[in-house]
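Okay, structure first, notes after.
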Amino acid sequence: MVPFYALLGVSPQGRPCTVLRAAIRALHPSLRRMRGLRVARQRFYRAMLASHARLQSKNNPVGAD
């Protein structure tokens, strides 16, 4: 899990769009505006979503319904 994910304050039951919103808000507005950092921002968002999905799959294993 990415260490920064824990700082987002999102519950493991949260939806992916909630994680994405929290990750966007976590970045300083000037970093969100810089066009040259677009690829890095996308990589950061994907890492946050992957950490969230990993945590969800750990809490809800397949076939545990």
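Just need the relative contact order of the chain here, percent rounded to a whole number, with Cα pairs under 8 Å and 6+ apart. All intermediate terms of the calculation are to be shown ahead of the outcome.
Numbers: 38 pairs, mean separation 29.8, N = 65.
The value is 46 percent.
Which entry in (1) 13.1, 45; (2) 14.6, 49; (3) 13.8, 38 is this structure's computed Rg and Dmax of the Cα atoms in Å? Here the calculated entry is (1). About its Cα centre, the range 3-59 has a charge dipole of approximately 260 debye under the convention of +1 per Lys or Arg Cβ and -1 per Asp or Glu Cβ, with nothing else charged. Measuring r between the beta carbons of Q13 and L37 and using R0 = 35 Å, the FRET efficiency lands at 0.70.
The sum of -39500 (n - 2.57) across all DSSP H runs of n ≥ 4, divided by the residue count of the chain, sets its helix-only mean residue ellipticity at 222 nm to -18500 deg cm²/dmol.
When ranked by the protection proxy of mean other Cβ atoms within 10 Å per residue, highest first, what sequence do the peptides 53-61, 16-24, 2-10 form?
On the way: 53-61: 12.1, 16-24: 15.7, 2-10: 13.8.
So the order, starting with the most tightly packed, is 16-24, 2-10, 53-61.
Ranking P61, L27, V10 by Cα position along the charge dipole of the chain, where only Lys, Arg, Asp and Glu carry charges on their C-beta atoms, puts L27 farthest toward the positive end.
Using only Cα atoms, find the angle between the long axis of helix 38-59 and the longest principal axis of the chain, and express it within 0 to 90 degrees, rounded to the nearest 10. Here the helix axis deviates by roughly 10 degrees.
Quick note: the coordinates plus some simple rules give every number you see, no bench work behind them. Not measured: the values here are computed from a predicted model. Virtual Cβ from ideal backbone geometry, glycine too; neighbours counted across all protein chains shown.
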